[in-house]
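Undergrad: Below you will find the structure I want to go over with you.
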Amino acid sequence: MPPLVEFDNVSFAYGSRAVLKGMSLVVPKGQVVAIMGASGSGKTTVLRLMGGALRASSGTVRVFGQTLNRMRTRELYELRRDMGMLFQFGALFTDLSVFDNVAFPIRERTNLPERIVKDLVMMKLETVGLRGAAHLRPQQLSGGMARRVALARAIALDPKLIMYDEPFAGLDPISLAITGKLIRDLNDALGASSVIVTHDVQESLQIVDHVYFVSEGRIVAHGTPDEVRNSELPFVRQFVQAQTDGPVPFHYPAQRPYREELLA
Amino acid sequence: MGFLLDFVERLGAYVNHRIARLGFAARFLWVMLRTSGTSLMRLHLTIREIYFAGVLSLIIVSVSALFVGMVLALQGYDTLVRFGASEAVGTLVALSLVRELGPVMAALLFASRAGSAITAEIGLMKATEQLAAMEMMAVDPIARVVGPRFWGGVISMPLLAAIFSAIGVFGGYLIAVVQIGVDFGSFWSQMQAAVDWKSDVVNGLLKSFVFGIAVSWIAVFEGYDAMPTAEGVSRATTRTVVISAVVILMLDFILTAFMFRGN
C-alpha cells in the first residue's frame, strides 16, 4: 500500500536561509507519526509543506499519491478537503461560538441541511467531551478546551490525514493526557493517518507508531517508540533523556568569538 | 562619499519596497474582485459587515455632521450678512456639504472608526493563525473574510456620506433659521434652487463611492499584509488611518478638478 504522505529528498529555504536540507520521510496509512526536534529545527516547516502552505525548493512532496510541488491553488483546495489541521493555539474563530467553529468547515464545504449540521457538530463535540460547551465563545475556554474544540473542528469532515502542530504545548498534565489519548483514538476510529509535530517526548512516545527526529533541516534518526527509547545515538539520547549536553548546541551560532565580542 | 552611497542605496531600497508593495496591493485588489462573486453570493456576510462598518459608524457620523453643519451656518452667515445675502446661507451649507464636506468628512471618520477596526480585525486573525486555519480547511480567506469587509465598506460609504450631508443641512437650519432667525422659506427655497441633482448630489455620492473603494481597499490590505505580531497589527492600523486620510484628500482634489471645473 503506498504511503499517505511521502517526502523525497525535500529541501526548502526562506530566502537564503535553508530550513530543510534533503529530507525524506513517509507516513503510512493508519499510523500516527511524530516529528520531533528542537525549536527552530524545521519541523513546523515540514507540516506546512505537507499541507501545501509552502512549496519545496527541490525534491518531491506527495500527499494521497499526488505531487504538491506545482499544484494549482484550486487542486490544492480539493486535496485539503481530506486534511485536517490542529494549530498550536487552536486558531479558533473568535467571532464564532464553539458550535459555529466546528460547524464552519461543514457549512463551507457541504450543502447539508442545518439539522444534519447540528447533529454532526454535536457528535464531534461529544467525541472531544465538550458538547456542553457548544454555546460558549472561544474567549471563555481554557487552553486545553480550545485545543479540543479545534480538534473537533479539524475532524469535522472525517479527514484522511490529520496534522498537529505542537498539540501538547502549554497544557496541564490532565489536558495533556486527554489530548494524547484523543489523538490516538481519533486516528484509529477514523482510519486516518496523523502527523504530530512536537518536542514533548514522553507523551508522544506513548501514542505514536513511528518517530522522526529532525535537526538542522535533516532527519537524523527515526524508529518505533521502543527503538527510540533504546537508541544509543547521541542525538536521540540527549533528546529523550532531556540532557543539557550533547550534539544539540546550547548556543545559537554567533558571528564573533565570545572573547572578541567582549573586548571589542 | 560613503555616506552618500549609503543614502542612495537606502533610498533605492525604500523606493523598491514601496513599488513592490503597491504591486502586491494591486494584485490583492484583483484577487479580491475576482472572488467577489463568492463573497457577494453569501449576502449575510456582507450585510453583517455593513452593520459593523456602516450602522455602528452612524453615531459618530451624525454627531460630527450636526456640528459641521452648525459651524458652516455660523461662518457662512457671518460672511454673507456683510453682502446682504444672509438668505443664501442655506445654499452655502448645502453645497459645501453635498459637494465636499459630506463625502470627505464621512470618509475620514469612516477610515478612523471602521477602517482601523477592519485592519485590526484581519491583522489579528492573521496573527492568531485564523486565516491560515481557514486556508487549511480549503476556504479562501480573501473570499470569506476580506471580500465581505471590502464590499461592506464600499456600500456603506455613500450612505454615510448622504446621511452626513442631510444631518449637516439640518444643523445649518438649526443655527441659521432657529437660532439666528434667517427666513425659513428663503433658507429652503434658495437651497432647492441652487443644489443641482446631477452635478452636485450625484457627483458628491460618486466621490464618496470612490473614497469607499479606496478606504476599504487600504483597510483590508493593511490588515492582510500586517506583520503577524502585536506591533505589526498596531502599525498596520496606524497606516490605515494615515494613508486613508492622505488618499482621501488627494482623490478629492482630483475628482473635484474633473467634476466641478468651471461650474
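Taken together, the values in this text are just the output of simple stated rules run on the coordinates, not laboratory data. Everything numeric in this text was worked out from a predicted model, so none of it was measured. Neighbour counts are summed over all protein chains in view; Cβ atoms, including those assigned to glycine, are modelled from backbone coordinates with ideal geometry.
Undergrad: Name the residue, out of A:Gly59, A:Gly42, A:Gly37, that is in contact with a Lys or Arg (Cβ under 6 Å, 6 or more places away or on another chain) and farther than 26 Å from A:Ala189 by Cα.
TA: Unique residue meeting the criteria: A:Gly37.
Undergrad: Going by the structure shown, is A:Arg62 charged (D, E, K, R), within 14 Å of chain B (Cβ to nearest Cβ) and not in a loop (DSSP other than H, G, I, E, B)?
TA: no
Undergrad: Right, next: Let me confirm something: among A:Ser194, A:Ser204, which residue is in a helix (DSSP H, G or I) and crowded, with 18+ Cβ neighbours inside 10 Å?
TA: That would be A:Ser204, the only listed residue that is in a helix (DSSP H, G or I) and crowded, with 18+ Cβ neighbours inside 10 Å.
Undergrad: Got at least one residue in the stretch A:66-89 being small (Gly, Ala, Ser) and either crowded, with 20+ Cβ neighbours inside 10 Å or within 14 Å of chain B (Cβ to nearest Cβ) (or both)?
TA: Checked against the condition, which is being small (Gly, Ala, Ser) and either crowded, with 20+ Cβ neighbours inside 10 Å or within 14 Å of chain B (Cβ to nearest Cβ) (or both), the stretch A:66-89 yields at least one hit.
Undergrad: Check off (1) of a type outside the set (Val, Ile, Thr); (2) closer than 22 Å to B:Trp30 by Cβ; (3) out of contact with any Gly (no Cβ under 9 Å at 6 or more places or on another chain); (4) more than 14 Å from chain A (Cβ to nearest Cβ) for B:Gly181 and give me the number that stays unchecked.
TA: (2)
Undergrad: While we're on this one: I'm checking my understanding of the structure. Among residues of the stretch B:128-147 that are more than 9 Å from every other protein chain (Cβ to nearest Cβ) and of a type in the set (Val, Ile, Thr), which one is farthest from B:Leu43 (Cα to Cα)?
TA: B:Ile142
Undergrad: Within the group B:Val61, B:Val81, which residue is of a type in the set (A, V, I, L, M), touching a residue at least 12 places away in the same chain (Cβ under 8 Å) and out of contact with any Cys (no Cβ under 9 Å at 6 or more places or on another chain)?
TA: Just a single option satisfies the conditions, and that option is B:Val61.
Undergrad: Could you please find all residues in the stretch A:11-54 being part of a loop (DSSP other than H, G, I, E, B) and either in contact (Cβ under 8 Å) with a residue 24 or more places away in the chain or under 26 Å from A:Glu203 (Cα atoms) (or both)?
TA: A:Pro28, A:Lys29, A:Gly30, A:Gln31, A:Ala38, A:Ser39, A:Gly40, A:Ser41, A:Gly42, A:Gly51, A:Gly52, A:Leu54
Undergrad: A further question follows. Just to be sure before I move on: is A:Glu114 of a type in the set (Asp, Glu), more than 27 Å from A:Ser204 (Cα to Cα), facing chain B (nearest Cβ under 10 Å) and over 22 Å from the mean Cα position of the chain (by Cα) in the structure I sent?
TA: Considered against the rule, which asks whether it is of a type in the set (Asp, Glu), more than 27 Å from A:Ser204 (Cα to Cα), facing chain B (nearest Cβ under 10 Å) and over 22 Å from the mean Cα position of the chain (by Cα), A:Glu114 comes out as no.
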